[in-house]
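Novice: Sharing a structure, written as structure tokens. Questions coming.
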């Protein structure tokens, strides 16, 4: 029987934000479904909170990351409750299911890799910094590291110097000793999805 997925835990933060926003827009005023007074309100509030906390993570603040993760869990719960109701009320009706904008189960889903959670940068030899992350728990084809001068005001890592590697460690040499550099990293997925970058880490190159 046709149904929508009820578990979004494998979605990256970016894709979860899109899924939540699409569901709120599609289900608000949707005459195919009847929700309790709290179900749709809870989804809307959870989506709004997650979107705001996700944007705040760009500051690299540890507290902001914790708050984002808490908001993510709230949104996952709200989406699951709504998706279960959509499946029950649609009873396999494909038109009704599609009107919810929730992804149909059994179809290939587009998932972004989540950002590495444990990016670290250490000194190597003079003028060398070594960045590393652990392997993604859902599998990946290696890592893309990005680095820039700490004084660089460009916040988008994709506009920094990129160093794609098949491992999860990269040694960047010939840096200016005593100069501070920013590093970020993203996993390379299996389907060439967009990269989701870790919060930047700054480190001075060794003299």
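The values are calculated or read from the model by the stated rules, or taken from the named source; none is laboratory data. This one's a predicted model, so the numbers in the text were calculated from it and none came from an experiment. So basically every Cβ, Gly included, is an ideal-geometry build from the backbone, and we count neighbours across all protein chains shown.
Novice: Residue 44 - would you say it is in a helix (DSSP H, G or I) and without any contact (Cβ under 8 Å) to a residue 12 or more places away in the chain?
Specialist: Criteria not met by residue 44.
Novice: Just to be sure, is residue 55 more than 22 Å from residue 180 (Cα to Cα) and assigned to a helix (DSSP H, G or I)?
Specialist: Spelling it out, residue 55 is indeed more than 22 Å from residue 180 (Cα to Cα) and assigned to a helix (DSSP H, G or I).
Novice: Scan region 10-34 for residues that are surrounded by fewer than 18 Cβ atoms within 10 Å (Cβ to Cβ) and without any contact (Cβ under 8 Å) to a residue 60 or more places away in the chain and jot them down.
Specialist: Across region 10-34, the qualifying residues are 18, 21, 28, 29, 31, 34.
Novice: Sticking with this structure for a sec: Residues in region 164-183: is at least one surrounded by fewer than 14 Cβ atoms within 10 Å (Cβ to Cβ), at positive phi, outside the structural domain of residue 58 (by TED's automatic domain parsing) and at pLDDT below 90?
Specialist: No, the conditions are met nowhere in region 164-183.
Novice: A follow-up question, please. It is to be established whether one or more residues within region 59-75 are in contact with a strand residue (DSSP E or B) (Cβ under 7 Å, 6 or more places away or on another chain) and either on the phi > 0 side of the Ramachandran plot or modelled with pLDDT of 90 or more (or both).
Specialist: no
Novice: Do we find that residue 47 is surrounded by 14 or more Cβ atoms within 10 Å (Cβ to Cβ), more than 30 Å from residue 130 (Cβ to Cβ) and not assigned by TED's automatic domain parsing to the domain that holds residue 200 in this structure?
Specialist: Yes.
Novice: Could you tell me which of the residues 131, 150, 115, 105 is modelled with pLDDT of 95 or more and either surrounded by fewer than 18 Cβ atoms within 10 Å (Cβ to Cβ) or over 30 Å from residue 34 (Cα atoms) (or both)?
Specialist: Unique residue meeting the criteria: 131.
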